[in-house]
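Here the structure comes first, spelled out in C-alpha cells, and everything after it is commentary.
The values are calculated or read from the model by the stated rules, or taken from the named source; none is laboratory data. None of these values were measured; they are calculated from a predicted model. Cβ placement follows ideal geometry from the backbone for every residue including glycine, while neighbour counts extend to all protein chains displayed.
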C-alpha cells in the first residue's frame, strides 16, 4: 500500500513534517513532539446497508421509488409481473368468500338443513300425539291393532328422521367449518406467494442504486437495488498488513475526503477484521465518525492517518539521514564516522532516537 502525507497539521496541532527531503547536508538531532500514524485508504459507506433481491422470476412492471429517494420500512418498491399468481390469488379469494358465506349465520346450506330439521320435528310432534291417542284407543278396544301399529310405526319413523336430519346438519356444519379453514389457509399461501412478486424494503433508508429497469426480466435471488441508512455513515479502511498490529479499537483517526478538499474529519477505530485480503495484502478496519459526519454519499474516497502513539518530547532526526534501518553518518573531531542507533517510533519524516546520539551530534547526509 502506498503511504502519503495528509495536510492536517494546522487543525490537529500534531507535528507531521512535510514529505520533502532536507536541503541541508548537515544537521543535529532535535527534541520534538512526534506522533506515529498509520496510513490507510478507503471509502465511506452508509450503515445498515443491504440489497433488495427478488423472491420469484418475473418482469419488472412497476417501480415506486428511484435513486436518492427515502424509503420506509416494508415499503413496496418494485412490482414483478405475476399474471398466473394473480389468477390463483383471485380464485382462492373467491373460494374463501364462498366458504365464509356457507358457514355464516345466514348460510343457505345450513338454513335448508335447519328447515328440514324443523319440519321433521313438527311431524314427529304430530306423530307422537297421534301415537299416544291410538295407544289409548287400543287399550280401550276402541281401535284395531293394525291402526295402533301403523301409528306407532309413523312415530318411530319420525323419531329416526329427526335424528338423521340433526346428524346431517351437524356433519354438514363441521364440513363447512373445515372447508372454511382450508380456504383461509389456501388464500394465505397464495397471498404470501403474491408477496414474492412485490419487492419491499427491510428497513427505512435511502435508495442508493437500482440495478434493473422497468421491463427487464428479474430472476429469483437476483439483486434489484441497494439501500442504506440515509444519515449514518462509517469509514471502511484498508491497512497494510505490516501496520495492522499497531492498530487498536478506540484509536483516533484523522480523515481527509476528496470531495471536501482540505477539510479534516475526526473518527475512531470501531472494528478490526482479522482476515487478510490477499489481493492487496491489507486488513480491513472500520471507523466511526466523531462529532461532524460527512454527507451520506455512497463510496466516497478517503485517506486517513490512524494515530497509534503520541510523544510530546523525544529526540528525533530526519528520516532521510538513516543509513539502512539503524545507522547514521556523523562528524566527530573532523572525521566522518558511521554509528548505529536505537530507534523508537517514527513517521514518514522523523525517527525517534533512543540511544546513540545527543543533541550535539552532527549528522552528515550519506552520499
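The number of residues in the stretch 290-302 being assigned to a strand (DSSP E or B) and surrounded by fewer than 19 Cβ atoms within 10 Å (Cβ to Cβ) comes to 1. Of the residues in the stretch 318-336, at least one is in contact (Cβ under 8 Å) with a residue 12 or more places away in the chain, in a strand (DSSP E or B) and under 26 Å from residue 239 (Cα atoms).
Checking 161, 179 one by one, the residue that is part of a helix (DSSP H, G or I), in contact with a helix residue (DSSP H, G or I) (Cβ under 9 Å, 6 or more places away or on another chain) and under 30 Å from residue 96 (Cα atoms) is 179 and no other. Does residue 319 qualify as being modelled with pLDDT of 85 or more, more than 19 Å from residue 255 (Cβ to Cβ), loosely packed, with under 13 Cβ neighbours inside 10 Å and out of contact with any helix residue (DSSP H, G or I) (no Cβ under 8 Å at 6 or more places or on another chain)? Considered against the rule, which asks whether it is modelled with pLDDT of 85 or more, more than 19 Å from residue 255 (Cβ to Cβ), loosely packed, with under 13 Cβ neighbours inside 10 Å and out of contact with any helix residue (DSSP H, G or I) (no Cβ under 8 Å at 6 or more places or on another chain), residue 319 comes out as no. Mind listing just one residue for me: the one in the stretch 272-289 that is part of a loop (DSSP other than H, G, I, E, B) and either under 24 Å from the mean Cα position of the chain (by Cα) or touching a residue at least 60 places away in the same chain (Cβ under 8 Å) (or both) and, of those, farthest from residue 259 (Cα to Cα)? Looking at the filtered set, the residue picked out is 281.
Just name the residue that is farthest from residue 40 (Cα to Cα) out of those in the stretch 337-350 that are in a loop (DSSP other than H, G, I, E, B) and at pLDDT below 90. Restricting to residues being in a loop (DSSP other than H, G, I, E, B) and at pLDDT below 90, the top hit is 349.
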